[in-house]
Amino acid sequence: MKYICRYIDEISCVKWEDVQVSYLRDVVSADVPKLETRFRACWTADSLHIRYECEDDHVVSTMTQRDEPLYEEDVVEVFLDPFGGGTTYYEFEVSPRGVLFDALIHNKLDGNKDVDTSWIAKGFQAEVTPGKEDGWLVYDVRIPFADLDEAGVPHAGAVWHWNVFRIDDDRDGVRHYSAWSPTGIVNFHVPQQFGELVFE
């Protein structure tokens, strides 16, 4: 899968409705999920910007501290692998409260992984607001390239590997997992299923 990420001079001037939209699917079956999740992404000279629009009729979000296990409740996520090898990548999460989680992931050959939550993306920001439609939330996420260690600022034509996810709890306590590029299992840490983020 491939997402074309367009360059924008100033994020304050972006018309999100003109930015390429993509939709999340059930992470296992790739079916259309119960609640819709769409996202758009663009980049500026210093940051990657992602807007999630999430249909949400039941919000579960009690955590208030950075790097708490937000993935145990409602959350949107993005994994970025600028290096393309699948062994080292970055994980970013945002809760409906706007609480942040960031970590550096090291995937091991034996299938285990190290999740380093001591790693901090200092400029990582997010704002969560009600959508224009009732029952929707909009997440505006900024990830500065300067925080991505050796990755640096991409050039036009650069290709990173990535995936976009959402976890949502419904009123019956059932957890729904969705992904831009479905992994085939209830596990987001499947880098061989990451798609391409093409900087244009």
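One table, with the values for the structure above:
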| quantity | calculated |
| --- | --- |
| Candidate set: the range 171-185, residues that are small (G, A, S) and out of contact with any strand residue (DSSP E or B) (no Cβ under 8 Å at 6 or more places or on another chain); chosen: the one modelled with the lowest pLDDT | G173 |
| Positions within the range 99-119 being in contact (Cβ under 8 Å) with a residue 24 or more places away in the chain, of a type outside the set (K, R) and open to solvent by 40 Å² or more (accessible area, probe 1.4 Å), in sequence order | V115, T117 |
| The one condition in (1) part of a strand (DSSP E or B); (2) out of contact with any Phe, Trp or Tyr (no Cβ under 8 Å at 6 or more places or on another chain) that K122 fails to fulfil | (1) |
| Residues (open to solvent by less than 60 Å² (accessible area, probe 1.4 Å) and either in contact with a helix residue (DSSP H, G or I) (Cβ under 9 Å, 6 or more places away or on another chain) or among the β-branched types (V, I, T) (or both)) located in the range 54-83 | V60, S61, M63, V75, V76, E77, V78, F79, L80, D81, P82 |
| Some residue of the range 112-128 being more than 13 Å from the chain's Cα centre (by Cα), within 19 Å of D56 (Cα to Cα) and not aromatic (F, W, Y) | yes |
| Filter result (in a loop (DSSP other than H, G, I, E, B), open to solvent by less than 50 Å² (accessible area, probe 1.4 Å) and more than 19 Å from T129 (Cβ to Cβ)) within the range 1-19 | I8 |
| Some residue of the range 136-148 being more than 13 Å from the chain's Cα centre (by Cα), part of a loop (DSSP other than H, G, I, E, B), buried (at least 17 other Cβ atoms within 10 Å of the Cβ) and of a type outside the set (G, A, S) | yes |
| Positions within the range 20-43 being open to solvent by 10 Å² or more (accessible area, probe 1.4 Å), part of a loop (DSSP other than H, G, I, E, B) and at pLDDT 95 or above, in sequence order | Q20, V21, V28, S29, A30, D31, V32, P33, L35, E36 |
| Qualifying residue in the range 160-180 (condition: out of contact with any Cys (no Cβ under 8 Å at 6 or more places or on another chain), under 19 Å from F39 (Cβ atoms) and outside any strand (DSSP E or B)) | yes |
| Single condition P96 does not satisfy, out of (1) open to solvent by 10 Å² or more (accessible area, probe 1.4 Å); (2) part of a strand (DSSP E or B); (3) under 24 Å from G173 (Cβ atoms); (4) not β-branched (V, I, T) | (2) |
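The values are calculated or read from the model by the stated rules, or taken from the named source; none is laboratory data. All of these numbers come straight from a predicted model, not from anything done at the bench. For neighbour counting, all protein chains shown are included, and Cβ atoms are generated from backbone atoms with ideal geometry for every residue, glycine included. Just the protein is used for accessible areas: all its heavy atoms, side chains included, with ligands, DNA and RNA removed. Shrake-Rupley method; radii C 1.70, N 1.55, O 1.52, S 1.80 Å.
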